[in-house]
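The values are calculated or read from the model by the stated rules, or taken from the named source; none is laboratory data. The structure displayed is predicted, hence computed values, not measured ones. Every residue, glycine among them, receives a Cβ derived from its backbone with ideal geometry; neighbour counts consider all protein chains shown.
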Protein chains: 4
Amino acid sequence: MIEVALFGAGRIGKIHAANLAAQPGVQFKYVVDVNQEAAAALAGLHGGSSATVETALADPAIKAVVIASSTDTHADLILRSAAAGKAIFCEKPVDLTIDRARACAAAVKEAKVLCMLGFQRRYDPTFNAVKTRLEAGEIGTPELLVVTSRDPGPPPVSYIKVSGGIFKDMLIHDFDIFRWILDDEAVSVHATGSCLVDPAIGEAGDLDTAVVTIRTAKGRLCQINASRRAAYGYDQRFEVLGSAGMLQAGNHKPTEVTAYGSANVSVDKPEDFFLERYRVAYAQEMAHFFDALSHGTPLRTTVHDGLKALELAEAATLSWREQRVVTL
Amino acid sequence: MIEVALFGAGRIGKIHAANLAAQPGVQFKYVVDVNQEAAAALAGLHGGSSATVETALADPAIKAVVIASSTDTHADLILRSAAAGKAIFCEKPVDLTIDRARACAAAVKEAKVLCMLGFQRRYDPTFNAVKTRLEAGEIGTPELLVVTSRDPGPPPVSYIKVSGGIFKDMLIHDFDIFRWILDDEAVSVHATGSCLVDPAIGEAGDLDTAVVTIRTAKGRLCQINASRRAAYGYDQRFEVLGSAGMLQAGNHKPTEVTAYGSANVSVDKPEDFFLERYRVAYAQEMAHFFDALSHGTPLRTTVHDGLKALELAEAATLSWREQRVVTL
Amino acid sequence: MIEVALFGAGRIGKIHAANLAAQPGVQFKYVVDVNQEAAAALAGLHGGSSATVETALADPAIKAVVIASSTDTHADLILRSAAAGKAIFCEKPVDLTIDRARACAAAVKEAKVLCMLGFQRRYDPTFNAVKTRLEAGEIGTPELLVVTSRDPGPPPVSYIKVSGGIFKDMLIHDFDIFRWILDDEAVSVHATGSCLVDPAIGEAGDLDTAVVTIRTAKGRLCQINASRRAAYGYDQRFEVLGSAGMLQAGNHKPTEVTAYGSANVSVDKPEDFFLERYRVAYAQEMAHFFDALSHGTPLRTTVHDGLKALELAEAATLSWREQRVVTL
Amino acid sequence: MIEVALFGAGRIGKIHAANLAAQPGVQFKYVVDVNQEAAAALAGLHGGSSATVETALADPAIKAVVIASSTDTHADLILRSAAAGKAIFCEKPVDLTIDRARACAAAVKEAKVLCMLGFQRRYDPTFNAVKTRLEAGEIGTPELLVVTSRDPGPPPVSYIKVSGGIFKDMLIHDFDIFRWILDDEAVSVHATGSCLVDPAIGEAGDLDTAVVTIRTAKGRLCQINASRRAAYGYDQRFEVLGSAGMLQAGNHKPTEVTAYGSANVSVDKPEDFFLERYRVAYAQEMAHFFDALSHGTPLRTTVHDGLKALELAEAATLSWREQRVVTL
């Protein structure tokens, strides 16, 4: 049995808690949250107990930690967990600053502990199938990637203010998809955007609609379009054009009902938001983490990937602010 | 905690075992199977133990049983479980003979125990959404139902011989869908078919391709087309034409990848077979059973539904054999 | 130049007139209609003149006639045109009675004139592609055909009364599709139906919703479902299950717009009705007729096909009326 | 009768010739081409005759000209036709240089003649339906446009060399779509690209894969992705995200057949190339031109639109060459 501590009892913490509980060979021992009531409630649901960071990290039985607390605590928890020799699963992002993210990468390396970053999209069945088929050469050499990334609606402006901005908060996932799918690194980034959804987002110094263009070392191209609002649900698609064809990853929807009416023929909207859309991906990534821990299989998403995505987010932010192409 | 015994450690027994284990408030106590090794292995996976029918039914802590053993044991286990005062979840069919199915219905009524029949399709998200939207009046009055029911490939002829024939073994589900969706009872049935997939099925006295037409008391119409073989996977669709539109329940598929190649544009085939296609439905039906047990909510699929579906299967068999329309 | 006379200046006559006018090597000379004003107007549009049947058939320059007048005039015009040695294109049906249809077939044979029947669906690009791919063996041996045939709304009851009934008036096309696609002849027919759309149709002795099952000499099966009303437009689909796969012919729609809204994701309804849906098919069948006339290529749809479809319509009518399976 | 002269008897000239011939109230009189044999053949097909530019423009009966000759002749023919007082339909582009395009615009204004530019996509039923629904407010305020523009394969390098480059030759259409759909003008353009399809294209100083980002005066955003090669056919899509939803214009395909096989479920590839894809659009734009000529209705695509699209193409070319954002 691998005993595990979970940091964070919020929305995403609950998802991970349920997946931890369902993991064969894993015992879900502690939940740590500043809201101790929430921690105790979540722990109780799955047979664990509430604890402090100190207790959790001091317990030698704890082999692994899952960090799902607020973004500003990630780096600190990674550093402390690494120092305590725990295997680490951390939600994205590593941190909002590159320096601290680099420090985490260094600490993890130094401590020789596993550190997996929760880029859950790489574990989604649809996205994964595209990757597998790409690698099998089904569409020849990839040339062009178009990513569509739209949230159903914007978060509260209070969140926007501490989010690090749309590129670090929202497109960080898309930057990771870009690196994974095109299997190449960026050499230049252009980003621009507008505030079309809510002027308060603009007043907070952020964008709500953003478009990014990336050119890679091999001359491959990527376009990302993102919005904080899609009236029709959570829109998560990408398509890769290759020399011999194209692969598209489409949205998932709740049911396969088609309705023929006097006005039109309709199907369900996409899934509401990430908890629904990536339900299977969250389960799969946790299984992957414990596979790696138990069998030494390589991690698919590491703190290095988090760092690279963060660099792209920084470059995009700079490009937007200075209205120029940024070279990496 | 509701303690439960499971009869049957085969393919479908394993599905139910996992769903029982994940059911909050339920303790999975015994597995009974003629293959005691299989029973012990399955029990071990989920923290229960292997037992005999007698032990399981004699244990007063057991409040409910799940019957997932071979068809020929269903009626006997229903009768014994009812006599022991257990709530019963039984896989379809109740029995292959109407007399014994009626005896089960009577015994259950007499014993005043819950008896749910495992017509899992009624718990599928897509099928359920059609039913809900029908009831909401979205397409007016239903008039015509077309059901497509095709297995990926035929079972072994040894199974065909004890299956009760294609109408009782395979279309029994479609007869239930017919009753549920059109919300009416049959007044006449016409069935015919052929042996086009494997002559050995014909030699065993059965069909492998069958078409059925049903007319209801309200004049509504239903056509079912079924085959033991669909080269492209498990094909489970239906569509209801109503006075104001149409609703279609389509197949589910593993991923939402679309591939554009030099030959065509393609998507995934439907899910392989019932274990994949109805994965969610199997979980939902088990939750429904324990909801009914805990909260007294009415069962959606009872032994009565099993009996009515069986009557339709008998009528269809007769229609086919005598090449005539059978009036009910 | 092949000079041609057109009988009938109504809805379908106008379609054929435009296609005749666009036919290279064809001169559109006469239009004949009891409504002489309509005839003159249509003739004027395309550079011909109004005429009587006698004039048209007596003109030796006329090599071909197109019969698009009302159903009750078809047989007489076929007989007279055949006697006059003209090549004949006749709208379906040949006649509402088998005897007269047979007389037409005999007269055509005797006169050794071409006589093409306007089963335009066989010339539709989608339907044709299915046929071509079937013949290429793409899905192995065909086993089961499901035909969906629904009009957007019923015709006036006055028309219903002279239509010959739903089987001869509407399903005649589907019976032809059945023969063409399964490439086999019927051995038994079962039909039933209801009057669910408009009670006046029932009072006129007809059905508005009908289902037919056909079994062929080779044991292949066909189910047809038909309604005089589909709230969502003209529904014209079929699917063929074969030993190695399935081919579906789907509806056509006016545009390829997809709309994502807060309620659902929608596309256009199918084309409104046959004039829109089979626009290309009507052009293609006329080209086929003149190809046959000019180059002696065999006709794809002859008076024989009209006769066979009529026999199926009669059998279906009998099956419905007598509530029994009819053997052919 | 409006008498018309056609300049150019090549691929696109033939399309226009057939549409001219089918235009009611239009007489197709002259075809002018440096290849007099081709001109005579095309003229013969539709009842006109071969002529020189001088003859055609000197004939006072000629009210309109259709310019479908090679790009380098457009400006000269516009200037001479305007001077001769003819209404002008000209294929895109006006010219490859902005100065000459401006001179054309000025000449047309001066001569007070109609001058329609053949941006045929605006007349396509699918694209038009999106525009109409946008204007009806179906998705609120448009915010983001994503355009996919991919040819099935590259033209010969000899053509590339005189084409003006990918932005003027190929994306010119997309720049027009951008202006039409977002109903706004560009304030900045960023473009980049690669040579991934054929190195010879790069040696000719051009790109074969290009991506463009445009920001408008109202802060709306547009991303265009283009390639000279799509192994799966001609890919012509766009989608507009608005405050209340999204509208997508999808590809058209030859038939509505769906094939279910042991490997996947497939449909037809998109139409092969522009002649097939925009067949209806070419007919509609010609009807629009003669409507304007006969009834004074405003032209939807003028030389001004050609000029604005050309400016965008120049800006994109500059952005690519200088690797910077270009402000307009």
* Asked: Applying the selection to segment C:148-165, what residues are under 15 Å from residue C:277 (Cβ atoms) and β-branched (Val, Ile, Thr)?
  -> C:148
* Structure fact -> Filtering segment C:184-217 down to residues that are touching a Leu at 6+ places or on another chain (Cβ under 8 Å) and under 29 Å from residue C:134 (Cα atoms) yields C:185, C:186, C:187, C:188, C:189, C:210, C:211, C:212, C:213, C:214, C:215, C:216
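Using the structure shown, decide if residue B:147 is modelled with pLDDT of 95 or more, among the aliphatic types (A, V, I, L, M) and outside the structural domain of residue B:230 (by TED's automatic domain parsing). It would help to see each step written out before you state the result.
Working: modelled with pLDDT of 95 or more: yes; among the aliphatic types (A, V, I, L, M): yes; outside the structural domain of residue B:230 (by TED's automatic domain parsing): no.
So residue B:147 does not fit the description; no.
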* Asked: Across segment C:134-151, what is the number of residues that are surrounded by 15 or more Cβ atoms within 10 Å (Cβ to Cβ) and at the interface with another protein chain (Cβ under 10 Å from one of its Cβ atoms)?
  -> 9
* **Subset of segment B:221-267 that is in a loop (DSSP other than H, G, I, E, B), at the interface with chain D (Cβ under 9 Å from one of its Cβ atoms) and aliphatic (A, V, I, L, M) - its residue that is surrounded by the fewest Cβ atoms within 10 Å (Cβ to Cβ)** => B:263
* Asked: Quick check: anything in segment C:84-94 of a type in the set (A, V, I, L, M), farther than 20 Å from residue C:289 by Cα and more than 21 Å from the chain's Cα centre (by Cα)?
  -> no
* Structure fact -> Scanning segment B:140-168 residue by residue, those in contact with a helix residue (DSSP H, G or I) (Cβ under 8 Å, 6 or more places away or on another chain) and not aromatic (Phe, Trp, Tyr) turn out to be B:142, B:145, B:147, B:149, B:154, B:157, B:160, B:162, B:163, B:164, B:165, B:168
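Residue A:112: touching a Gly at 6+ places or on another chain (Cβ under 9 Å), surrounded by fewer than 20 Cβ atoms within 10 Å (Cβ to Cβ) and more than 14 Å from chain B (Cβ to nearest Cβ), yes or no?
Values: touching a Gly at 6+ places or on another chain (Cβ under 9 Å): yes; surrounded by fewer than 20 Cβ atoms within 10 Å (Cβ to Cβ): yes; more than 14 Å from chain B (Cβ to nearest Cβ): yes.
Here the answer is yes, as residue A:112 does meet what is asked.
Can you tell me which residue among A:83, A:129 is modelled with pLDDT of 95 or more, assigned by TED's automatic domain parsing to the domain that holds residue A:64 and among the small types (Gly, Ala, Ser)? Lay out the reasoning, then the answer.
Working: A:129 fails: assigned by TED's automatic domain parsing to the domain that holds residue A:64.
From the options A:83, A:129, the qualifying one is A:83.
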* Asked: Any idea which of (1) at negative phi; (2) modelled with pLDDT under 95 is the one residue C:25 doesn't satisfy?
  -> (1)
* To do: Go through segment D:292-328 residue by residue and tally those that are closer than 20 Å to residue D:131 by Cα, part of a helix (DSSP H, G or I) and without any contact (Cβ under 8 Å) to a residue 12 or more places away in the chain.
  => 0
* Subset of segment A:131-170 (residues that are part of a loop (DSSP other than H, G, I, E, B) and either of a type in the set (Lys, Arg) or farther than 18 Å from residue D:150 by Cβ (or both)) -> A:136, A:137, A:151, A:152, A:153, A:154, A:155, A:156, A:163, A:164, A:165, A:170
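For segment A:129-145, check the following and say yes or no: at least one residue is farther than 30 Å from residue D:194 by Cα and within 19 Å of the chain's Cα centre (by Cα). Give the derivation first.
Initially, segment A:129-145 is screened for residues farther than 30 Å from residue D:194 by Cα, giving none.
No, segment A:129-145 contains no residue that is farther than 30 Å from residue D:194 by Cα and within 19 Å of the chain's Cα centre (by Cα).
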* Asked: Of the residues that make up segment C:305-328, is at least one surrounded by fewer than 21 Cβ atoms within 10 Å (Cβ to Cβ), more than 14 Å from chain A (Cβ to nearest Cβ), of a type in the set (S, T, N, Q) and more than 25 Å from residue D:259 (Cα to Cα)?
  -> yes
* Asked: Taking segment C:171-215 as the region of interest, how many residues are within 13 Å of chain B (Cβ to nearest Cβ) and either in a loop (DSSP other than H, G, I, E, B) or surrounded by fewer than 21 Cβ atoms within 10 Å (Cβ to Cβ) (or both)?
  -> 12
* Answer yes if at least one residue in segment D:246-253 is farther than 28 Å from residue D:136 by Cβ and without any contact (Cβ under 8 Å) to a residue 24 or more places away in the chain, and no otherwise. => no
* Asked: Can we say residue C:158 is more than 14 Å from chain A (Cβ to nearest Cβ), touching a residue at least 60 places away in the same chain (Cβ under 8 Å), out of contact with any Leu (no Cβ under 7 Å at 6 or more places or on another chain) and surrounded by fewer than 22 Cβ atoms within 10 Å (Cβ to Cβ)?
  -> no
* To do: Considering every residue within segment A:52-70, establish whether at least one is buried (at least 19 other Cβ atoms within 10 Å of the Cβ), outside the structural domain of residue A:298 (by TED's automatic domain parsing) and closer than 20 Å to residue A:314 by Cβ.
  => no
* **Of all residues making up segment A:186-240, the number that are in contact (Cβ under 8 Å) with a residue 24 or more places away in the chain, farther than 24 Å from residue C:264 by Cα and of a type in the set (A, V, I, L, M, F, W, C)** => 16
* Test: residue in segment C:282-299 that is surrounded by 18 or more Cβ atoms within 10 Å (Cβ to Cβ), under 20 Å from the mean Cα position of the chain (by Cα) and under 26 Å from residue C:144 (Cα atoms) -> no
